[in-house]
2 protein chains.
Amino acid sequence: IGMYGAVIFLVCTLYASALDNGQMLTPPMGWLAWERFRCDIDCVNDPKNCISEKLFMDMADRLSEDGWRELGYVYVNIDDCWSSMDRDKDGRLQADPKRFPSGIKKLAQYMHDRGLKLGIYGDMGTHTCGGYPGTPLEKIELDAQTFADWGVDMFKYDGCYSNATEQEQGYPLMSKALNATGRPIGYSCSWPAYQGGLPPKVNYTQLGEICNLWRNYGDIQDSWDSILSIVDWFFENQDVLIPAAGPGKWNDPDMLIIGDFGLSMEQSRSQMALWAVMAAPLFMSNDLRTISSGARAVLQNEMIISISQDPLGIQGRRILKEKSGVQIFWRPLSENASALLFFSRRTDMPYRYKTSLSKLNYTTGSYKVTDVYTFKTTVLKDSTEFVVSLNPSGVVMWYVSAPAKLNSRLVFRASKQNTKKSQGFVKLPLLQFYCCLLILHILHFYPSLFNTPF
Amino acid sequence: IGMYGAVIFLVCTLYASALDNGQMLTPPMGWLAWERFRCDIDCVNDPKNCISEKLFMDMADRLSEDGWRELGYVYVNIDDCWSSMDRDKDGRLQADPKRFPSGIKKLAQYMHDRGLKLGIYGDMGTHTCGGYPGTPLEKIELDAQTFADWGVDMFKYDGCYSNATEQEQGYPLMSKALNATGRPIGYSCSWPAYQGGLPPKVNYTQLGEICNLWRNYGDIQDSWDSILSIVDWFFENQDVLIPAAGPGKWNDPDMLIIGDFGLSMEQSRSQMALWAVMAAPLFMSNDLRTISSGARAVLQNEMIISISQDPLGIQGRRILKEKSGVQIFWRPLSENASALLFFSRRTDMPYRYKTSLSKLNYTTGSYKVTDVYTFKTTVLKDSTEFVVSLNPSGVVMWYVSAPAKLNSRLVFRASKQNTKKSQGFVKLPLLQFYCCLLILHILHFYPSLFNTPF
């Protein structure tokens, strides 16, 4: 009995390899202030764009009124420069009183009233990167409790002004502290980005146990170059990164800059597709009040969102890197489907790339193929040669459904999944605990059930 | 008498310091195939985009029907890969018979019927860069005559497969040969680009005498990076390049890639503004059949075109390079006006740059300032502090009219100037010749007029 019990307990524990807060079983989606609004605190001269409760309420209004929320974009995340320079008399963090006169609790309520969630930011060093009060080791429990009291739904823990030793203590400690509040709070760790993003310095098994997402690499900037350097790094290190990701635990290549100033339409489509293939969190950092209709259409593409939000949560892989500058990526999806992404790194003119599904390792059969940007559908045999025309810095992305499922219609999962988050396969510590209790109970009272030799 | 005659002859000669063909007294404007369509000769699989007479007729239709011609975009220029691999029985170049079944002469007529001009391409080496027949030294006169016979209006002379010695002979020889045909043919020399673009290898005085425009630097590609490297090179070497340019003789930083795949709207506005400040030729290389309305609006901006086409033809200068990433450019214009260009090299967020006209070397007075993209006009005293908000990779461009001319309305010169090209200050060799003849005649018959001591 003892041995069986131990085995079953072990199974229950393994089942919970991601952070056990039931959060973010698909890559989180929403909006994050940093890339677009940075540390603009000049509300006198720049009232529309400064970091203030007004900015986050504006974005919440847009998310809830312009069709974003229904597609899954539910997080409204504060980044650096939100707090007062001083903690309050009880040592708690407090928002800057001029820029957040109603306080964070009211702001969280504003989000919840609209079916949205609020994220907030802290730093595990003495100060945040912007020089605001940090959350060093001795403040972790207090600040976690403060965030929970405010009704915050997500927390990004940055790493400026802390060393490797402190980080090794602080990031796990914050995970426990957030869990201990009893409030489900998605936990974003900047830890690996401060340690070069690679083993042995970075332990991805541990990260998956304590964080829901983590920044592996440098900050994104508003330029195509920045995206290329991120994409190159993530796919050059894919053998390390792909196994680290899964439901509840995601590599984070940083924000979507679609709708800002640095990307052409072609490049915007490319970022969206690449982020979806990477199973990356989709946090836009842009001005939703003034976004162009073209950028909006890319960000609101339902087929790409459905690929991003596939319930298997398997991060995609680069499968081919041609001398011509064409690169091909593949992400396995549920129902034996897959996403296939052709990407041109050329800077000259549209390139006609010829291949077949069998050359891309697809097994024998006929596949239904839908272009996620043009919505055109064709049926392709694995052996059929086809040509994709790839624009410079552009992509062609296909949703490929499995041969056996040719007649099943494409399912758009995005919105459904986001409302399903707390049902189904949730890995709540409580559920796990009850499951083990039940099994131990059975073992105890009906040992004969298990003692029968096989 | 002899001395006076020599002086006057000298004056007549100095008057003609630019190539004496009366062409391109303002930077030429039009369309050039290369960047967008390259050497695509696959008319079987890609009939719409292959280098063929159809492509150039399509572009001519667009130029003449979509408002381009009236703004000055009149050249339709063929680049490499137009010719047959073999010269004809008389040793003349001939167009590829499959892709140009009607021949170049008919194509030139097609342009002229629409108020447009045709440009063609050759190479001073054994082969063109794309491997087609070159125009080496011994073929120069023959080919120049062929182009003139066809009714070609502009010729770009590339430099692949030739060495420095051959170039030193060939580029001036072609200039003479083109002039000798009697047909005005604008002459674009790639020579300096093959010699590093800088003295002592490059002699800009000579270039101004033999070419109407010249490529100083590498080919543009469809990326913002490419634009930045071109802009950096041109302004780092501005002290060499600015004096080289003037009416009839232009530095050529290469084509406009606005409307292609690599630039955001912000970056498109920046290329247009920077090229206008550089007094650069404005050759678009894009697909005018499918261009977006946003890109079209940038390329058809009348105020910027009027700055580009200012009759003084003075190339602009970078006057400030701030640590913040803000760079400021200035181009003097006729009627004591000027163009002022603020450019952000940042990749983060809009930047509020504070300055005053006096800090930018403007003299005391009030200036009328018009933003060429928003059309907003204000009056600024030289001492007034103002803030320009600069988007990442974006520009703000002002047309600044002189203090004395505050009440004069902004004159849009673009379309007028282009029709004036062959009037006014044209420097036709014939005119110069007659002028000298007349003066020598007077000197000969009325010597006493000049012998009076002053």
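Some observations on this one:
- Any hit, the stretch A:81-99, residues being over 19 Å from the mean Cα position of the chain (by Cα), open to solvent by 10 Å² or more (accessible area, probe 1.4 Å) and polar (S, T, N, Q): yes
- If you filter the stretch A:353-378 down to residues that are of a type outside the set (Ser, Thr, Tyr) and surrounded by 16 or more Cβ atoms within 10 Å (Cβ to Cβ), you find that the one that is nearest to A:ARG331 (Cα to Cα) is A:LEU360.
- Residue check for A:TRP150: open to solvent by less than 50 Å² (accessible area, probe 1.4 Å), modelled with pLDDT of 95 or more, in contact with a helix residue (DSSP H, G or I) (Cβ under 7 Å, 6 or more places away or on another chain) and farther than 22 Å from A:THR126 by Cα: yes
- Lone qualifier among B:ARG346, B:ARG331, B:ARG317 - being at pLDDT 95 or above and closer than 21 Å to A:ARG36 by Cβ: B:ARG346
- Subset tally (residues that are among the small types (Gly, Ala, Ser) and surrounded by fewer than 15 Cβ atoms within 10 Å (Cβ to Cβ)) for the stretch B:104-120: 1
- Scan of the stretch A:229-258 for residues that are open to solvent by 30 Å² or more (accessible area, probe 1.4 Å) and within 13 Å of chain B (Cβ to nearest Cβ), ordered by number: A:SER229
- When restricted to residues that are more than 29 Å from the chain's Cα centre (by Cα) and open to solvent by 20 Å² or more (accessible area, probe 1.4 Å), the stretch B:387-404 contains 4.
- Among (1) in contact with a Leu (Cβ under 9 Å, 6 or more places away or on another chain); (2) farther than 17 Å from A:ILE41 by Cα, the one test that A:ASP123 misses: (1)
- Residues of the stretch A:78-103 satisfying the condition of being among the basic types (Lys, Arg) and under 19 Å from A:PRO47 (Cβ atoms): A:LYS98, A:ARG99
- In the stretch B:326-344, the qualifying residues are those that are among the small types (Gly, Ala, Ser) and in contact with a strand residue (DSSP E or B) (Cβ under 6 Å, 6 or more places away or on another chain), and the one that is nearest to B:TRP224 (Cα to Cα) is B:SER344.
- Residues in the stretch A:205-228 that are buried (at least 19 other Cβ atoms within 10 Å of the Cβ) and either within 26 Å of A:GLY170 (Cα to Cα) or under 14 Å from the mean Cα position of the chain (by Cα) (or both): A:LEU207, A:GLY208, A:ILE210, A:CYS211, A:ASN212, A:LEU213, A:TRP214, A:ARG215, A:ASN216, A:TYR217, A:ILE220.
- Only residues that are among the basic types (Lys, Arg), within 25 Å of the chain's Cα centre (by Cα) and part of a loop (DSSP other than H, G, I, E, B) were counted in the stretch A:35-51, giving 1.
- Selection status of A:THR384, at pLDDT 95 or above, more than 14 Å from chain B (Cβ to nearest Cβ) and farther than 26 Å from A:VAL240 by Cα: yes
- Of all residues making up the stretch B:280-317, the number that are under 20 Å from B:GLU266 (Cα atoms) and touching a residue at least 40 places away in the same chain (Cβ under 8 Å): 19
- Test: residue in the stretch A:328-347 that is away from chain B (no Cβ under 14 Å), within 21 Å of A:PRO253 (Cα to Cα) and free of Cβ contacts under 8 Å to residues at least 24 places away in the same chain: yes
- Residue list for the stretch A:262-308, filter: open to solvent by 10 Å² or more (accessible area, probe 1.4 Å) and either within 12 Å of chain B (Cβ to nearest Cβ) or in contact with a Cys (Cβ under 6 Å, 6 or more places away or on another chain) (or both): A:LEU263, A:MET265, A:GLU266, A:ARG269, A:ASP287, A:THR290, A:SER292, A:SER293, A:GLY294
- Subset of the stretch B:321-344 [surrounded by fewer than 17 Cβ atoms within 10 Å (Cβ to Cβ) and out of contact with any Ser or Thr (no Cβ under 7 Å at 6 or more places or on another chain)]: B:LYS321, B:GLU322, B:LYS323, B:SER324, B:SER334, B:GLU335, B:ASN336
- Check on B:GLY130, open to solvent by 10 Å² or more (accessible area, probe 1.4 Å), at pLDDT 95 or above and over 24 Å from B:ASP252 (Cβ atoms): no
The values are calculated or read from the model by the stated rules, or taken from the named source; none is laboratory data. The structure presented is a predicted model; accordingly, all values stated were derived computationally and were not measured. Reconstructed Cβ throughout: ideal geometry from the backbone, glycine too, with neighbour counts over all protein chains shown. With ligands, DNA and RNA removed, areas are computed over all heavy atoms of the protein, side chains included. Shrake-Rupley method; radii C 1.70, N 1.55, O 1.52, S 1.80 Å.
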